[in-house]
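To start, the structure under review is shown below, and the notes come after it.
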Amino acid sequence: MNQAEKLPDPNTTPLAQFDLSDPRLYEQDAWRPYFARLRAEDPVHYQSDSPFGPFWSVTRFEDIMAVEANHEVFSSEPTIVIGDLTEDLPIEMFIAMDPPKHDLQRRAVQPVVAPQNLAQMESLIRSRVAEILDHLPVDETFNWVDRVSINLTTQMLATLFDFPFEERHKLTYWSDLAAGSPEMAGGNVDQEERMTGMMDCLETFTRIWHERKTREGGFDLISLLQRDPNTADLVERPMEYLGNLVLLIVGGNDTTRNSASGGVLALNQNPAEYAKLRANHSLIPGMVSEIIRWQTPLMHMRRTATRDVEFKGKQIRKGDKIVMWYLSGNRDENTIDNADEFIIDRSNPRHHSSFGFGVHRCMGNRLAEMQLRILWEEIMQRFSFVELVGEPERVQSNFVRGFATMPVKLHPL
Amino acid sequence: MPTITLIEHCGTSHTIEAETGKTLMQNALDNMVPGIDADCGGACACGTCHCFVEGDWEPASGTADAMEEAMLGMRPDRTEQSRLSCQIEVNDALDGMVVRLPEYQM
Ligand code: HEM
Ligand code: FES
């Protein structure tokens with residue numbers, strides 16, 4: 001596909017002419033029939049040409065799990081998006097490392113988001129969510145993405161890091177910079193701006209680290225890192241410190257933000273599900289999982305073959321890129337019944353591919369679920385209907401599946 | 001049918017008649033024992049079916065392979081007794097086994 005032209009017909013175009021890396025497929029929400037065809041006709045598919053070079057697409061749920069389970073052959077190094085790294089900034093992120101190094105770094109920060117710690121944060125998070133919702137205009141159109149989703153996740157990040165609250169917009173800014181480079185994911189962020197921003201992020205957090213050293217007993221992520229013997233001197237390893245920060249900021253930003261918007265869209269498109277929710281608020285935890293499945297906020301992760309290997313009858317060569325399309329796994333009828341439908345009371349809602357699998361499986365999944373659960377619990381205490389009153393606009397990326405705007409109107413209880 | 005006891009973190013105990021040939025995870029779910037999520041459906045790929053095998057049951061229940069080890073390595077609450085219950089196939093030798101469930105799955 002030439003990315004300047006119209007998207008090709010998904011049903012008649014030869015598979016060889018599909019470009020799954022084309023961000024317009026996602027911006028225009030046109031991807032479904034392309035992936036349905038791949039799952040049916042060529043589930044492990046080689047694309048010989050793209051703006052990011054050739055790559056394999058793995059589109060079935062079971063095959064995605066099989067790739068993730070085999071981290072010796074399917075490596076997360078050097079990077080986990082379709083495009084290659086272009087910058088000179090050697091940020092060390094364990095999402096793009098293999099065991100044993102990955103395990104050491106992840107083990108050090110994982111306890112920070114363990115459910116006991118999260119429980120300590122729940123009431124603060126709830127009061128901030130309530131505050132946001134109580135200040136929304138009623139019976140007037142506004143942009144849900146800005147006023148709620150971004151505001152909420154930014155506040156949430158500030159809360160998690162105990163970041164200066166007035167400067168919290170910086171967190172969102174850095175997250176957008178880190179996630180949006182065009183070489184990596186088809187986004188539109190300037191390379192120089194990105195470098196400057198990342199250095200600013202590092203400096204700011206280095207200052208915070210030193211200030212916080214003298215304080216005791218905090219439950220924020222920085223204090224927790226300082227108390228763990230494995231990370232107590234993390235600040236001495238700046239690129240690793242920055243890497244972990246960026247990972248936690250990006251991990252907890254776009255993903256939760258777009259789930260907070262995606263839920264509104266899904267409920268508006270499925271009024272019968274919205275009615276079920278109104279009648280029974282105890283469906284919220286299961287609905288949160290279903291929203292995360294249905295939205296698939298990160299559409300893929302990439303691996304790189306460390307040797308020649310045969311996979312599902314295909315000959316993969318050393319150095320080949322393998323893209324696991326979670327977006328497609330989540331629509332795989334072999335694994336998920338009525339996969340294209342949004343159903344808030346599924347019997348097994350946690351069985352989805354949005355958090356990935358294996359040793360890299362999303363570290364923040366409980367945190368994300370908690371935030372979204374609280375959001376919907378508080379929404380349902382206040383509004384009978386978050387009404388979508390216009391077409392949402394989607395972001396341009398082949399990695400983050402998200403919304404730029406979403407016009408809504410609130411109807412109080 | 002071997003009898004297996006699963007003890008929740010809060011202390012509530014569930015004794016089940018387990019079906020041989022099925023995994024411990026599946027048996028726990030079939031008997032509505034709370035405390036196991038099993039997000040990946042038993043593929044050793046999510047780590048949310050974590051449990052602790054009590055006492056001397058290790059020989060009969062088998063040992064964790066490399067993949068299971070890797071997944072267990074990510075649990076902050078991992079101990080010597082940690083196993084993924086989807087990787088334990090129930091057999092008659094497990095009659096009387098006691099398994100504790102963790103405070104949380106993640
Ligand atoms: C709905 C929200 C979220 C989604 C859909 C999501 C999705 C993902 C995915 C797909 C991966 C890669 C999994 C793999 O390679 O198998 C991942 C990894 C990760 N996520 Fe999330 N995430 C979410 C929320 C969060 C939050 C709130 C945090 C903040 C703590 C977070 C932190 C991380 C980290 C640190 C990793 C790297 C794990 C590793 O490589 O070992 N995520 N996430
Ligand atoms: S059910 Fe996922 S690892 Fe056992």
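Please determine, by comparing only the residues of the range A:340-387 that are in contact with a Phe, Trp or Tyr (Cβ under 8 Å, 6 or more places away or on another chain) and open to solvent by less than 20 Å² (accessible area, probe 1.4 Å), which one is farthest from ligand 2 (Cβ to nearest atom).
So the residue we want is A:V386.
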- Message: Let me spell it out: the conditions are (1) closer than 22 Å to A:I95 by Cα; (2) of a type in the set (S, T, Y); (3) surrounded by fewer than 15 Cβ atoms within 10 Å (Cβ to Cβ), and A:T255 meets all of them except one. Which number is the exception?
- Response: (3)
- Message: Being away from ligand 1 (no atom under 16 Å from the Cβ) and open to solvent by less than 50 Å² (accessible area, probe 1.4 Å): is that true of B:S13 here?
- Response: no
- From A:D345, A:D320, A:D337, residue being over 22 Å from B:M71 (Cα atoms), at pLDDT 95 or above and within 14 Å of another protein chain (Cβ to nearest Cβ): A:D337
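Residues in the range B:7-23: is at least one within 12 Å of another protein chain (Cβ to nearest Cβ) and in contact with a Cys (Cβ under 7 Å, 6 or more places away or on another chain)?
Filtering the range B:7-23 down to residues within 12 Å of another protein chain (Cβ to nearest Cβ) leaves B:9.
Remaining after also requiring in contact with a Cys (Cβ under 7 Å, 6 or more places away or on another chain): none.
No, the range B:7-23 contains no residue that is within 12 Å of another protein chain (Cβ to nearest Cβ) and in contact with a Cys (Cβ under 7 Å, 6 or more places away or on another chain).
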- Task: Scan B:S61, B:S85 and give me the residue that is touching a Ser or Thr at 6+ places or on another chain (Cβ under 9 Å) and of a type in the set (S, T, Y).
- Result: B:S85
- Considering every residue within the range B:40-60, establish whether at least one is within 16 Å of ligand 1 (Cβ to nearest atom) and among the acidic types (D, E). no
- Do you know which residues across the range B:16-34 are part of a loop (DSSP other than H, G, I, E, B), touching a helix residue (DSSP H, G or I) at 6+ places or on another chain (Cβ under 8 Å) and open to solvent by less than 50 Å² (accessible area, probe 1.4 Å)? B:A18
- Message: What's the total number of residues in the range B:65-106 that are part of a loop (DSSP other than H, G, I, E, B) and facing chain A (nearest Cβ under 9 Å)?
- Response: 9
- Query: Taking the condition more than 14 Å from chain B (Cβ to nearest Cβ) and modelled with pLDDT of 95 or more, does A:P33 pass?
  - Reply: yes
- Out of the residues in the range B:37-52 that are in contact with a strand residue (DSSP E or B) (Cβ under 8 Å, 6 or more places away or on another chain) and surrounded by fewer than 23 Cβ atoms within 10 Å (Cβ to Cβ), which is nearest to the other protein chains (Cβ to nearest Cβ)? B:C44
- Query: Any residue in the range A:210-220 that is assigned to a helix (DSSP H, G or I) and of a type in the set (A, V, I, L, M, F, W, C)?
  - Reply: no
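The values are calculated or read from the model by the stated rules, or taken from the named source; none is laboratory data. What you are looking at is a predicted structure, and each value in this text was computed from that prediction instead of being measured. Here the Cβ is made from the backbone with ideal geometry for all residues, glycine too, and neighbour counts use every protein chain on show. Quick note on the areas: whole protein, heavy atoms, side chains included, nothing else; ligands and nucleic acids left out. Shrake-Rupley method; radii C 1.70, N 1.55, O 1.52, S 1.80 Å.
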